[in-house]
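Every number here is computed from the coordinates shown, using simple stated rules; none is lab data. Here the structure is a predicted model, which is why all the values come from computation and not from measurement. Please note: Cβ atoms are built from the backbone with ideal geometry, for glycine as well, and neighbour counts cover all protein chains shown.
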Amino acid sequence: MNTESFIGIFDSGVGGLAVVNTLSYLLPNENFLYVADSKNFPYGTKTKSQIEAFSKRIVKFLLGRNVKAIVVACNTVSSIAIPELKRIAYPIPVFGMIQAGARIAVKKTKNKKVAVISTPLTARSHAYKKEIQKIDRDIKVFEIGSQRMVNLVEDGNSRKKYAYNLVREKLKGVLSSKVDTLVLGCTHFPFLYKVVKNVVGEGIEIVDPSDELAEELKEFLEEKHFMNHSSIPSKKVFFTTGDAKEFLLKAKLFLKEPPQRVFSLMI
Ligand code: DGL
C-alpha cells in the first residue's frame, strides 16, 4: 500500500456513484475502486445479518486489492456494520455516511428540527437520530424510510413525473413538522435532488452527507501524508456483482466522468 493505492468505495448500486462524483471533485488526484453489489440490491429491505455478510465480503475484496482507505458509500451499511468493518479492515481506515451526515445536519439546523430520508432499514436503525442527538440532544429528528424512492433512482426513473408524486407523498410529513434541514440519508437520493428541492421549497436546506465525508477523507489523507501527488492521471475502476453491461449504462448516466468499462465481480 502506498499513496497511489486506490481508495475503495462501495454501495448496493448506483447510489455510491454520487459519492464518487463528490470525492473526485475534492480529491482529483486520487484513484478510486468502486464496487456495486447489484446482485444483492436493494439493501434497504434486507436483514441486518445479510447486510453484514454482504459488506464484509466486499471489504475483504477491497483489502485484497491493497486499498489505502475504504468509503462505505451506503447509509444502510453505515447504520449497521461500521464497527465490524473497521475491525476487519484495521489499520486501513473505514469512513461511513452516518457520522458525516449527522455532523453536517447539526451544523446547518437553526431551529433544531431535522428530517432524514433514507431506506427503511436505516430509518428503523435510528442511526441518524442517535448520532445527531449524541452531538446535540435537543435536536428533534424525523426519520422517513422509502425503498420506492431508492428503486426509482436505481431504475433510472428519477426524472419522471411519478418521481415527483412519490417524493411529494413521502415528504408530506416533513413539510408539516417544520424542519429547516433535510438530510439525504441514502446515497441514491442526491440523484433526486431537483425533485426533492421542488417539493420542499426554499425554506428547507437539503444536505448531502458525502460533502462532509469528502472533507473528512481529505483531512485524513493530508494528516497521514497519504495524498496522491503523482502526475499520472487518476484512475477509476468499476466492478459490479451484477450485470456489467447494465451497470455500465447506469454509470454513464450518473457519473460526471463516465467510465469506458465495468468489470464483473464474483464474490
Ligand atoms: N444507497 C444505499 C444507502 O445509502 C442503499 C440503497 C438500497 O440498496 O436499498 O442506503
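Figures for the structure shown
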| read-out | value |
| --- | --- |
| Tilt relative to the chain, helix 97-108 - C-alpha long axis, 0 to 90 degrees, to 10 | 50 degrees |
| SER231-ARG148 pseudo-label distance in nm [points 7 Å out on the Cα-to-Cβ vector] | 5.6 nm |
| Net lengthening on full extension, SER176/GLU215 (0.36 nm per residue, minus Cα-Cα) | 10.8 nm |
| Gain upon complete extension [GLN260, GLU246; 0.36 nm per residue less C-alpha separation] | 3.8 nm |
| The chain: relative contact order in percent, alpha carbon pairs under 8 Å with at least 6 residues between | 27 percent |
| Range of Cα positions in the chain per principal axis (Å), largest first | 50, 38, 37 |
| Cβ-Cβ FRET estimate between LYS56 and GLU202, R0 fixed at 51 Å, reported to 0.05 | 0.75 |
| Cβ-placed point charges (K, R +1; D, E -1), dipole of the stretch 130-190 about Cα centre in debye, nearest 20 | 240 debye |
| Computed E for ARG87/ARG168 - FRET, C-beta separation, R0 30 angstrom, nearest 0.05 | 0.10 |
| Cα lying deepest toward the dipole's positive end in the chain, options SER264, SER55, GLY44, charges on Cβ | GLY44 |
| Distance violations [Cα-Cα > 24 Å] among LYS86/LYS130; LYS68/LYS197; LYS46/LYS130; LYS107/LYS250; LYS86/LYS250; LYS39/LYS250 | LYS68/LYS197; LYS107/LYS250; LYS86/LYS250 |
| Distance between modelled label sites at LYS134 and LYS39, nm, 7 Å Cα→Cβ extension | 3.3 nm |
